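I have placed the structure first, in the form of structure tokens, so that the comments after it can refer back to it.
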Amino acid sequence: MNLKIIKDPVHGYVEVEEFALALLDSPPLQRLRYVKQLGFSFLVYPGANHTRFEHSLGTMFLADVACRRFALSDPERTLVVAAALLHDIGHGPFSHASEPLMEEFLHRTHDDIELIVEEQVGDQLRASDIDPDELCAIVKGKHPLSGIIHGDLDVDRMDYLLRDAYYTGAPYGTVDAQRLIRHLIQTPEGTVLDENGVNAAESLLIARTLMRPSVYYHHVSRIGETMFQLAVLEHFRDEPVAEAQKMLRMDDSACMHVLQTSKNPVARALAARLYERRLYKRALSVGSDQVNIAGFLDGVPIEKCRDFAIRIAEQARLQPHEVLVDIPSVPSEMSLGVRVKNRHTIVDFEEFSPRVRTLNATRRQQWRLGVYTIPGQQERVADAACEVLHIKKPTRQDTLF
């Protein structure tokens, strides 16, 4: 069997089998070398320049470990490993930063990879006796084997927590992935966790909770994302709708070049600010106790956020592009669908670990609605935002400059 050995800083030596080598060198996967895993987090953490390509390789490695642990047949293992390798080829430039744009203009998410698979790697998959439709179903979480890369204790999440912590230097993403996988048991009723793996599972949940405010939702990263999204919206204003399809398939540098040379002056100015790290500032950052949270449970579409921003800008006597509103969805409840097996019985994970309730309460408290503006206008914009968004007047420590 022809194997390629790749040295990965997170997992060590990763073996790539012959069936995966052709996929590894395919255009959609090679494109991921130029798509940052953490979008604009490099504006906060200078080391966060790792890519979706590295993450895909790491996810493939852990998927293979899990498949062997579950003693899957060779065809099943090949299918899951290929799906793990290709699971992120649907991401747009700067990863999750372009996801709202993809949903708004293309009406799809990064998990909808059917078209890319069929156009660019379908023949390669079939040559290895891999069904492209089954692979896409695994990526979308609609296959009996999906749980390995798309579940409660999936290898996708294990890899990105380890990798993001490594490259940002944040000390919160510690996950003992190998131990966790070793203590997962496949049963006719589904995946069960041996009680000796409970601590490893808890460490994954704690890592997710701590990485959220310090990395994934850090305010500087969110400001960068919302500036980028507005730049793209402004660029699309002067371009045909087909431009969205083309642009959201680009890598990071190609997308930035388009924005830097856009016919739209606002798009160009925002791209220049991002490139030079002349970022907008926080006018407001408020938690769920200061707004009507029921209206924001599922997040707010990008165009609705722009409507809010335009109204706030008008009230603050600023230009529409000088105000940004960022309303992420409220964190969903973490719930491990796996059950825990001890010597006597099988019980729900939550019965075995009361920490889950505490972590869910912490995640809800971490949620923030952000309003950003150009330097020097924070106070005026904060006052206008409180009125437009019906925000309880924040105390001095809630108003961040």
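Bear in mind these aren't lab numbers, they're just calculated from the coordinates by the rules spelled out. Just so it is clear, the model here is predicted, and its values are computed rather than measured. Reconstructed Cβ throughout: ideal geometry from the backbone, glycine too, with neighbour counts over all protein chains shown.
Brief remarks follow.
- F53 vs. criteria closer than 26 Å to M247 by Cα, assigned to a helix (DSSP H, G or I) and of a type in the set (F, W, Y): yes
- Listing of helices (runs of 4 or more DSSP H) fully contained in the range 211-275 that carry 1 or more residues being under 17 Å from V44 (Cα atoms): 219-237
- For the range 70-112, a residue qualifies if it is surrounded by fewer than 24 Cβ atoms within 10 Å (Cβ to Cβ), among the hydroxyl-bearing types (S, T, Y) and part of a helix (DSSP H, G or I), and the qualifying residues are T78, S95.
- Screening E322 with (1) without any contact (Cβ under 8 Å) to a residue 12 or more places away in the chain; (2) within 15 Å of Y372 (Cβ to Cβ) gives one miss only, at (1).
- Among (1) without any contact (Cβ under 8 Å) to a residue 12 or more places away in the chain; (2) assigned to a helix (DSSP H, G or I); (3) buried (at least 16 other Cβ atoms within 10 Å of the Cβ), the one test that L115 misses: (3)
- Considering the range 350-380, the residues that are within 20 Å of V266 (Cβ to Cβ) and in a loop (DSSP other than H, G, I, E, B) include one that is nearest to the chain's Cα centre (by Cα), namely I374.
- Residue that is nearest to E243 (Cα to Cα), among those in the range 276-301 that are assigned to a helix (DSSP H, G or I) and of a type in the set (G, A, S): G295
- Test: residue in the range 42-51 that is in contact with a His (Cβ under 9 Å, 6 or more places away or on another chain) and crowded, with 24+ Cβ neighbours inside 10 Å: no
- So K246, is it closer than 29 Å to G122 by Cβ, surrounded by fewer than 21 Cβ atoms within 10 Å (Cβ to Cβ) and more than 17 Å from the chain's Cα centre (by Cα): yes
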